[in-house]
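Shown below is the structure under consideration.
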Amino acid sequence: MRYLNRLLLGLVLLVWSCGDVGPQQQKSEAPPLPAHEERWSVFLRQQANGPQVITVDQGWSEQAPLETHPRLLEVIVKAEETLPTGFPTEAETKMANELQGQLLQKLERGNFGVFAGSMVVPGEKRLYFYLRAEPEADALAQEVVTAYTKREVEAKIAPDETWATYSTQLFPREQEQAEINNDGVLIRLQEAGDPLSQPRPIEHWAYFKSTKARSVFRDSLERYRFEPIGYDTLDQAGMPYGIHFMRQDSIHSPYIHDLTWGLTELAEELGGAYDGWETIVVKPQK
């Protein structure tokens, strides 16, 4: 796990490694893409056949699938050097990112394709682009892949009108999304000077369809030594009955992931929803 965490951190730092890719060499006559704000996430997924480190642009979730881009380009870059876990080394990942940048230059800047994300698995990195249904898009992709000779590369283009690969293989699942959200809070705390080393009071919220479900949830919380802080009733349909509660806890990862996912499952068993957490910044004493 130490190697996986180190790899994940390295990939977070490499997400933006492509940088400015220079002027366009060829332009598509296609209409402009819909408004899109990049929202990149990096997370670890444990699979039966081994772990995966996934980088995905969640910003496409509001528009996907794009009718103008119904074809999936999958490029697999084979690694020559690996870590003890089997994952490519940082140098190998940078090598794959070089090809990724070249594809971006040819496809995305020319509106022939959009970059949906990537996946690192033992021995290789996989790149995923959605292409326009135009011969020029296929030709450009094949041109870039064929010209890249620094590593062994495999590529295939296939129809994916529903963007199934994006939604089922790249997009985070419920628990993965919760961990991404947690990591966002931890990063902001660290940016404020918090080393995340000290336990502190952590406040939580949950909402339910009925006061009965909320009461059962409250009784369960008392068994785990959470302290109810307050209750509220929102003027909305669905889950109007809220509970605000807290407990002194550690905040490091993966502890905070296990804690919040346990509360999520507890709330969902009663037909409710866990609504997140917040805490204070704790800086080291001088």
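The values are calculated or read from the model by the stated rules, or taken from the named source; none is laboratory data. All figures in this text were calculated on a predicted structure; none of them were measured in a lab. So basically every Cβ, Gly included, is an ideal-geometry build from the backbone, and we count neighbours across all protein chains shown. Side chains are part of the model used for accessible areas, which takes the heavy atoms of the whole protein and leaves out ligands, DNA and RNA. Shrake-Rupley method; radii C 1.70, N 1.55, O 1.52, S 1.80 Å.
Out of (1) surrounded by fewer than 14 Cβ atoms within 10 Å (Cβ to Cβ); (2) over 28 Å from the mean Cα position of the chain (by Cα); (3) not β-branched (Val, Ile, Thr), what's the single condition that is false for SER210?
So the condition that SER210 fails would be (1).
At least 1 residues that are of a type outside the set (Ser, Thr, Tyr), at pLDDT below 95 and closer than 29 Å to ASN181 by Cα in each: list the strands (runs of 3 or more DSSP E) lying fully within the stretch 43-145 that qualify.
Counting at least 1 such residues, we get 50-57.
It is to be established whether one or more residues within the stretch 270-283 are modelled with pLDDT of 95 or more, in contact with a Ser or Thr (Cβ under 7 Å, 6 or more places away or on another chain) and either crowded, with 16+ Cβ neighbours inside 10 Å or part of a helix (DSSP H, G or I) (or both).
Yes.
Within the stretch 90-104, restricting attention to residues that are open to solvent by 50 Å² or more (accessible area, probe 1.4 Å) and over 21 Å from the mean Cα position of the chain (by Cα), which residue is farthest from VAL75 (Cα to Cα)? Before you say what the answer is, go through the steps one by one.
Of the stretch 90-104, the ones open to solvent by 50 Å² or more (accessible area, probe 1.4 Å) are 90-91, 94, 98, 102.
Among the residues that remain, those that are also over 21 Å from the mean Cα position of the chain (by Cα) are: 91, 98, 102.
Numbers: ALA91: 18, GLU98: 13, GLN102: 12 Å.
Top of the filtered list is ALA91.
To continue, here is another question. Being modelled with pLDDT of 95 or more, open to solvent by less than 60 Å² (accessible area, probe 1.4 Å), in a loop (DSSP other than H, G, I, E, B) and of a type in the set (Gly, Ala, Ser) is the requirement here; does GLY262 meet it?
no
Looking only at the stretch 148-170, count how many residues are open to solvent by less than 50 Å² (accessible area, probe 1.4 Å), closer than 29 Å to ALA273 by Cα and touching a residue at least 24 places away in the same chain (Cβ under 8 Å).
Going through the stretch 148-170 one residue at a time, the tally reaches 4.
Further, regarding this structure: Does ALA137 count as in contact with a Gly (Cβ under 9 Å, 6 or more places away or on another chain) and either open to solvent by 70 Å² or more (accessible area, probe 1.4 Å) or not hydroxyl-bearing (Ser, Thr, Tyr) (or both)?
yes
To keep it simple, each residue is scored yes or no on (1) among the β-branched types (Val, Ile, Thr); (2) within 30 Å of TYR128 (Cβ to Cβ).
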{"residue": "GLN169", "(1), (2)": "no, yes"}
{"residue": "GLU174", "(1), (2)": "no, yes"}
{"residue": "ILE180", "(1), (2)": "yes, yes"}
{"residue": "GLY184", "(1), (2)": "no, yes"}
{"residue": "LYS209", "(1), (2)": "no, no"}
{"residue": "SER215", "(1), (2)": "no, no"}
{"residue": "ARG218", "(1), (2)": "no, no"}
{"residue": "LEU221", "(1), (2)": "no, no"}
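To continue, here is another question. Filter the stretch 241-259 down to the residues that are exposed (fewer than 14 other Cβ atoms within 10 Å of the Cβ) and assigned to a helix (DSSP H, G or I) and list them by number.
TYR255, ASP258
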